[in-house]
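Data block below; observations after.
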Amino acid sequence: MNKNRAVLYLRLSDEDKDKLSKEELSESIKNQEKMLKNYAFNQHFKIVGIYNDEDYSGADKNRPNFNKMIDKCRQGLVDIVLVKSQSRFARDMELIEKYVHNLFHEWNIRFITLIDRIDNTKKETKKTSQLMAMTDQWYLEDTSNNIRQTLKIKRKNGEYTGSFAPYGYLKDNTNKNHLVVDKIASQVVKRIYDEYLKGHGLFKIASNLNNDNILSPLEYKKLNGSKIQIPLLKNYETYEYIKKTGSYKVDVTIKNNQNKILKNLKVYNYLTLDNLNFNNNCDIYIRGYPKDKVKFYYTTKTLAKKNWIKLKENDILPKNTTCLITSINFLDKDFIINYQLEITLKENKKHLIYYFNVLTNNNIYKNIKIRKKYLWSMQTIKKILTNEFYIGNLVQFKTTTVSYKNHTVIHNHQKDWIKALNTHEAIIDKKTWDTVQNRLSKKSRSNKTGFIHPFSGKVFCMDCHQIFFKCGNGYLSCKDKKSNFLNCHNKKFVKIEYLTKYINDKLNDLLNKFYDETILRSLNQKYFNKIKEEKINLLQDELNNLNKKLQDKNTYLIKLYEEHTKGLISDKEFVVLKNNYNDNAKLENRIGNIKKEMTIIKNKKIDISNIYLKYRHIDNLNIELINEFIDKILIGPINLKNNTRKIKIIWNFK
């Protein structure tokens with residue numbers, strides 16, 4: 001038996017992209033294939049496969065077609081691997097040694113390169129192969145280092161170096177390192193900030209956007225021709241059927257393989273469990289199809305009655321639908337047309353498998369791809385709410401990869417981030433940004449309706465300085481309740497209804513006091529200095545409390561080391577006790593932040609804000625008003641003698 005079964009491997013080098021035009025790149029692949037085919041023909045090789053990887057580095061071990069070729073070799077279906085040059089096969093010494101000089105010998109596979117004249121059946125070419133592999137790897141290392149240095153300089157100069165513009169922006173057509181506002185997506189960004197300021201939680205905002213059919217950042221970019229992929233894979237994950245709950249895109253491709261023009265083509269679309277009947281337990285939407293070429297109809301009758309009802313985009317199919325039909329008026333020879341449906345499976349208790357079938361003329365090529373639709377999520381909303389891109393700043397180099405060979409993403413320490421200010425037009429103003437960041441830092445959580453509680457992140461215990469959280473329906477309690485009040489005596493909850501009325505009345509008293517603009521402008525700064533003093537005193541109390549905790553922990557740890565040294569506790573016990581008690585870094589970080597905040601307050605010049613002139617009287621307290629006027633609310637313990645408690649409001653000042 002002749003061992004002449006050959007596979008051709010082609011690869012478009014990443015290094016060529018900066019040197020060649022698109023036409024030249026395409027021609028490069030064609031020339032590789034033509035050259036290898038001619039050689040195989042002259043050597044009487046039988047070509048059993050052609051494998052092509054574009055947009056992949058020679059050091060990448062995860063090239064899909066490269067790995068498919070290796071699998072064929074491993075299965076004994078290949079005798080010869082033929083490539084233009086060794087660098088097209090791999091630019092990694094490890095891969096060359098692993099396959100060319102080891103496994104290919106084990107599998108009886110001959111490796112041949114045309115340009116380098118490498119042949120692993122000839123011993124005299126082995127050293128040449130190894131030297132070339134080493135120089136190729138050095139080349140990649142140097143290129144990688146040069147690219148990293150170039151990107152670092154660009155980032156420091158305020159140039160955007162990401163592959164894709166962040167949601168809300170586009171890359172400038174005249175300068176790919178500069179961002180310009182996307183007029184459509186930027187409105188969604190503004191909406192997200194507005195809804196958050198109105199008290200909507202992250203989940204509620206995401207749900208609202210999904211319910212209003214606003215495309216998620218990934219889907220929006222895909223619709224506009226971007227090649228971005230999430231997860232970071234070269235291709236979307238595709239499914240043959242729908243089983244898990246969620247939203248799916250169904251892309252259907254129809255091609256006319258006949259030698260004549262087709263008119264009034266009918267394509268029958270079935271969502272089916274048994275490959276026979278239309279089963280509409282899912283929600284099916286008509287979205288994103290080419291309106292000028294494709295029309296959709298459905299029927300709730302038998303096909304023979306032809307009672308077709310026309311559909312518009314965003315229509316949802318009735319549950320009693322028996323068939324969905326696609327009508328294509330005109331399809332030329334070899335012409336391809338695509339259309340898209342969206343299927344949402346809300347529940348699947350029985351774990352049924354739904355298939356999507358297309359029935360049409362046998363001579364028509366048809367292809368169906370089902371993929372997950374990426375929806376708005378809490379993580380996406382939070383990312384938009386915390387990204388300085390939207391106030392015109394660039395914060396880059398938050399992540400990097402291990403090396404040019406290992407593309408595992410690692411997160412850089414914040415001190416290594418590269419920040420440049422005012423590099424592009426802002427979508428969100430600085431005041432809105434600061435308000436949102438302040439609220440996010442308080443770790444506000446939404447309730448079951450998706451709204452953030454109006455007092456969330458604002459109410460604190462006057463005794464132990466811990467936050468008050470919502471417990472039960474309509475009540476707030478000191479967080480120390482979770483430890484059965486081991487560190488606090490402020491055990492009595494406060495009714496939200498009572499607190500709302502109390503704050504509302506105090507706020508109106510303040511407005512009445514400062515309503516007269518002439519009086520407001522001429523007021524002595526004494527009142528606002530008092531606010532300043534109260535804020536500093538409050539921070540000082542927290543600082544003293546944290547310093548005491550830190551001192552207690554250090555004393556405990558010193559004692560623990562002494563007991564371990566004396567052999568009173570084992571190594572295992574020592575490690576467990578030390579880890580359970582050693583959170584000094586967290587305390588020291590908070591102490592540092594408090595000191596910075598106190599310095600800012602002390603040095604800040606007070607400007608009497610117009611917020612006291614903006615409102616005459618407040619009837620309904622909401623989260624926006626609370627955040628505008630109030631910094632903190634302190635709740636004291638109940639006085640058992642008269643059943644009263646002290647409530648102190650620390651007002652904002654601008």
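The table below lists the values:
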| item | result |
| --- | --- |
| Distant alpha-carbon pairs in region 311-426 (separation over 21 angstrom), percent | 68 percent |
| Enclosed volume per residue, in Å³, of the convex hull spanned by Cα atoms of region 358-400 | 173 Å³ |
| Placed amide H near Cys471: partners under 5 Å, 5+ positions off or other chain | Leu476, Ser477 |
| At 1.567 mPa s and 4 °C, Stokes D of region 172-227 from Kirkwood alpha-carbon radius, µm² per second | 101 µm²/s |
| 3J(HN,Hα) from dihedral phi, region 428-436, Karplus parametrisation 6.51/-1.76/1.60, rounded to Hz, x for glycine, proline | 10, 6, 5, 5, 4, 4, 4, 5, 5 |
| Packing rank of 476-486, 198-208, where each peptide gets the mean count of other beta carbons within 10 Å, highest leading | 198-208, 476-486 |
| Amide hydrogen neighbours beyond the local backbone of His200, cut-off 5 Å, H modeled | Ile452 |
| In sequence order, calculated HN-Hα J values of region 260-272 (Karplus, 6.51, -1.76, 1.60; Hz; x Gly/Pro) | 9, 6, 9, 10, 6, 6, 10, 10, 9, 10, 10, 8, 9 |
| Principal axes of region 5-142: Cα extent on each, largest first, Å | 38, 31, 26 |
| Distant-in-sequence amide H partners of Phe335 (H built 1.01 Å from N, under 5 Å) | Asn256 |
| Listed peptides 414-420, 428-434, 55-61 by packing density, highest first (mean Cβ within 10 Å) | 55-61, 428-434, 414-420 |
| Relative packing of 71-77, 265-271, 113-119, which averages over residues the other C-beta atoms within 10 Å, highest first | 265-271, 113-119, 71-77 |
| Cβ-isolated cysteines (cut-off 4.7 Å), the chain | Cys73, Cys282, Cys323, Cys471 |
| Backbone HN-Hα couplings from phi across region 4-12 [Karplus 6.51/-1.76/1.60, Hz, Gly and Pro as x] | 10, 6, 10, 10, 9, 10, 10, 8, 8 |
| Equivalent-ellipsoid semi-axes of the chain, from the Cα gyration tensor, Å, largest first | 60, 38, 26 |
| Length-normalised contact order of region 238-372 in % [C-alpha pairs under 8 Å, at least 6 apart] | 50 percent |
| Coil-residue GluC sites (Glu not before Pro) of region 533-562, DSSP, other Cβ within 10 Å capped at 15 | none |
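Read-outs: derived from the displayed coordinates by stated rules, not from any lab. Since we're looking at a predicted model, the values are computed, not measured. Counting neighbours? That spans all protein chains shown, and the Cβs are built from the backbone with ideal geometry, glycine included.
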